[in-house]
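Undergrad: Got a structure here, written out as structure tokens. Questions coming.
The values are calculated or read from the model by the stated rules, or taken from the named source; none is laboratory data. The shown structure was predicted, so the numbers you read here are calculated from the model rather than taken from an experiment. Backbone-built Cβ (ideal geometry, glycine too); neighbour counts: all protein chains shown. The protein model used for the area step is the full one, side chains on, heavy atoms only, and it has no ligands, DNA or RNA in it. Shrake-Rupley method; radii C 1.70, N 1.55, O 1.52, S 1.80 Å.
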Amino acid sequence: MTGFSDQAWQHTANLQQAILAHPFNEELAAGTLAKDRFQFYLAQDARYLIGFGRALAVAAARAPEPDDVAFFAGAAREAVVVERALHEGYFERFGLGEADLAAIETSPTCLAYTSFLLATAQSDGYPELLAALLPCFWIYQYVGSDILRRLPDGADNPYRAWIDTYADEDFEAAVRTCRDAVDRAAASADEATRARMLAAFTRACEYEWLFWDSAYRQEPWPTAAFR
């Protein structure tokens, strides 16, 4: 019998394929993604990672096993410190200063995704929280690895640093560790909890698609004209 994470991935297979096929990721893979779209994505992702890091810290505090405490605490630090360094490198490369970042408003989707994770961290159990956190790890590794496999040898892609970060073997190992924690939590959970875990995993996958779509559209607040 496959573990919960395999079952959840199969349950969301159509979403995973839609993420790979989204124009944002297709154009990122080809190196043709417009600079302003990637800048918008970077600004949103930098803000998302703060909320993601906070939710990871809650997972660390609730983890029953010392190894899981260490993993989730380390992942929280990576989200806030290491991935921000990747962003800052791109900010510099694309000439995106603090004033430029401040001018990019947090999108409705970014706010909704981070709010979902933080609400899950505050209101739901440890198993549901892990299920909500897993897609951010796993889908990025899935997308990065898929793009890297399709890149021609020696291809000059302006987004290669992003691709390499998420196709990296160390990141793949982190995904396996997170999946293992999720599977162990599901194995000791009752059927109702596993159903809530699947719902949380699915919703996070939906937000992953929405996040890239919002970046591609440079999603505005539709109510901005009424302010």
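Undergrad: Run the numbers on the chain and let me know its relative contact order in percent, using alpha-carbon pairs under 8 Å that are six or more apart.
TA: Computed over the chain, the figure is 34 percent.
Undergrad: Per residue, how much accessible surface does the chain expose to a 1.4 Å probe? Answer in Å², no decimals. Numbers along the way, then the final one.
TA: Working: 10710 Å² over 227 residues.
It amounts to 47 Å² per residue over the chain.
Undergrad: What is the distance in Å between the Cα centres of the stretch 121-161 and the stretch 32-88?
TA: Answer, in whole Å: 12.
Undergrad: Between residue 62 and residue 156, what length in nm is gained on full extension when 0.36 nm per residue of separation is reduced by their alpha carbon distance? Mind dumping the intermediate values first?
TA: Values: separation 94, 0.36 × 94 = 33.84 nm, distance 4.37 nm.
Net length gain for the segment: 29.5 nm.
Undergrad: Here's another thing I want to ask about it. For a quick check of understanding: with a 1.4 angstrom probe and all protein chains in place, what accessible area in square angstrom does residue 123 have, to the nearest ten?
TA: 90
Undergrad: With every protein chain left in place and a probe of 1.4 Å, what is the accessible surface of residue 26, to the nearest 10 Å²?
TA: Residue 26 exposes around 80 Å² with every protein chain in place.
Undergrad: Moving on to the next point. Count the net charge of all other residues whose Cβ sits under 15 Å from the Cβ of residue 112, scoring Lys and Arg as +1 and Asp and Glu as -1.
TA: My count for the surroundings of residue 112 gives -3.
Undergrad: A further question on this structure: Which ³J(HN,Hα) values, rounded to whole Hz and listed in residue order, are derived for the stretch 20-36 from phi using the Karplus coefficients 6.51, -1.76 and 1.60 in 6.51 cos²θ - 1.76 cosθ + 1.60 with θ = phi - 60°, glycine and proline given as x?
TA: Coupling constants for the stretch 20-36: 4, 8, 5, x, 4, 6, 5, 6, 4, 5, 7, x, 9, 4, 4, 4, 5 Hz.
Undergrad: I've got another one for you. So, with +1 on the Cβ of K and R and -1 on the Cβ of D and E, and no other charges, what is the size of the charge dipole of the chain about its Cα centre, to the nearest 20 debye? If you can, show how the numbers build up before the last one.
TA: Working: 19 positive and 33 negative charges, 102 e Å.
Result for the chain is approximately 480 debye, rounded to the nearest 20.
Undergrad: So, in nm, how far is label residue 122 from label residue 94 when the simple model puts each one 7 Å beyond its Cα toward the Cβ?
TA: Roughly 3.1 nm, to one decimal.
Undergrad: A further question on this structure: Can you give me the % of accessible surface on the stretch 78-210 that is carbon or sulfur? Probe 1.4 Å, all protein chains present, nothing else counted.
TA: Roughly 51 percent of what the probe reaches on the stretch 78-210 is carbon or sulfur.
Undergrad: Do the sum for the chain: with -39,500 (n - 2.57) for every DSSP H run of n ≥ 4, divided by all residues, what is the mean residue ellipticity at 222 nm, to the nearest 500 deg cm²/dmol?
TA: -25500 deg cm²/dmol
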